[in-house]
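Since the structure comes first, as structure tokens, the remarks are kept for the end.
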Amino acid sequence: MAGAAPTTAFGQAVIGPPGSGKTTYCLGMSEFLRALGRRVAVVNLDPANEGLPYECAVDVGELVGLGDVMDALRLGPNGGLLYCMEYLEANLDWLRAKLDPLRGHYFLFDCPGQVELCTHHGALRSIFSQMAQWDLRLTAVHLVDSHYCTDAAKFISVLCTSLATMLHVELPHINLLSKMDLIEHYGKLAFNLDYYTEVLDLSYLLDHLASDPFFRHYRQLNEKLVQLIEDYSLVSFIPLNIQDKESIQRVLQAVDKANGYCFGAQEQRSLEAMMSAAMGADFHFSSTLGIQEKYLAPSNQSVEQEAMQL
């Protein structure tokens, strides 16, 4: 009976700060995967999540409730959430009993938005590590708001947080710039979109920050942060608009390559799919330039005028 289902399972651990669109991503990605014919199980690991918009296969709220923890231990929401994750870590037999009947499904784990859980607290990392022992291959999908690109200081902060998360979580990792359709509601980008997605020469950001009298005093600190990010050279981003199927497919292609799903028996084989996985080729979708043309208004300035401003 146990041999009927595949022993290896695949999935995504959806992480990111509060309000970055994790729950909306789980809803959109689950619908997209079902349309592709995959059997999907969405697992809510956030005890603060209420009124879930998706069909939830497993809900951590059945094990521990944030409100109950806050009342019983007199903790605030942050401390209560950390306690809930530590409680789940201590009761992983409950989680395994819930996941085992779902073997053969593709998992989406909707994780809490507490930043410290992904940067230095050990509970979530320990849970992911134990899932790997259960032969569950996960990719960490880290969402950050794309509007941070419109502010140089915030973008450096996002880069530091993303790098810390990649090093701490210890999973194959994809960074997403979410809500791409809203990016210019918060201001114009100082550079082309590929500058932010590929994290190109960050010295230009330092020059951009130097024009602000406040940040001019912290130039040396910013230089050290930028040097740290460039020394690791790990962080890059994929733009995402969860309403755009092409955008979701682009993300899914990267995720499937990261966790090995595209190499497994579940994936339909084709020359195109194998070439995309092996070479990183992208046959169907527009480049970052095409995404920029889709979501960003064109600049009326010439290259010389932009250079003079910098």
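The values are calculated or read from the model by the stated rules, or taken from the named source; none is laboratory data. Bear in mind the structure is a predicted one, so any value in this text is a computation, not a measurement. Cβ placement follows ideal geometry from the backbone for every residue including glycine, while neighbour counts extend to all protein chains displayed. The accessibility values were calculated without ligands, DNA or RNA, using every heavy atom of the protein model including side chains. Shrake-Rupley method; radii C 1.70, N 1.55, O 1.52, S 1.80 Å.
A few points about this structure:
- Counting all C-alpha pairs of segment 1-114, share separated by more than 18 Å (%): 53 percent
- Note that segment 90-178 presents 34 Å² accessible area per residue, ligands and nucleic acids not counted, probe 1.4 Å.
- Stretching residue 93 away from residue 154 to a fully extended chain increases their span by 18.0 nm, per 0.36 nm per residue minus the current alpha-carbon distance.
- Additional length obtainable on full extension of the chain from residue 263 to residue 221, 0.36 nm per residue less Cα span: 10.8 nm
- Share of carbon and sulfur in the accessible heavy-atom surface of segment 155-207 [1.4 Å probe, %]: 51 percent
- Cα centroid separation - segment 17-47 against segment 180-233, whole Å: 31 Å
- Cα gyration tensor shape of segment 118-256, rounded if a/c is under 1.5, else prolate or oblate by comparing a/b with b/c: oblate
- Largest accessible area first, the listed residues 55, 86, 62 line up as 55, 62, 86 when surface is computed with a 1.4 Å probe on the assembled protein chains.
- Share antiparallel - DSSP beta bridges, segment 1-126, percent rounded to 5: 0 percent
- Label-to-label distance for residue 230 and residue 78 is 3.2 nm, based on points extended 7 Å past Cα in the beta-carbon direction.
- Mean separation of Cα contacts under 8 Å, 6 or more apart, over the residue count of segment 15-88: relative contact order %: 22 percent
- Atom-type composition of the exposed protein surface of segment 71-118 places 49 percent of the accessible area on carbon and sulfur (1.4 angstrom probe).
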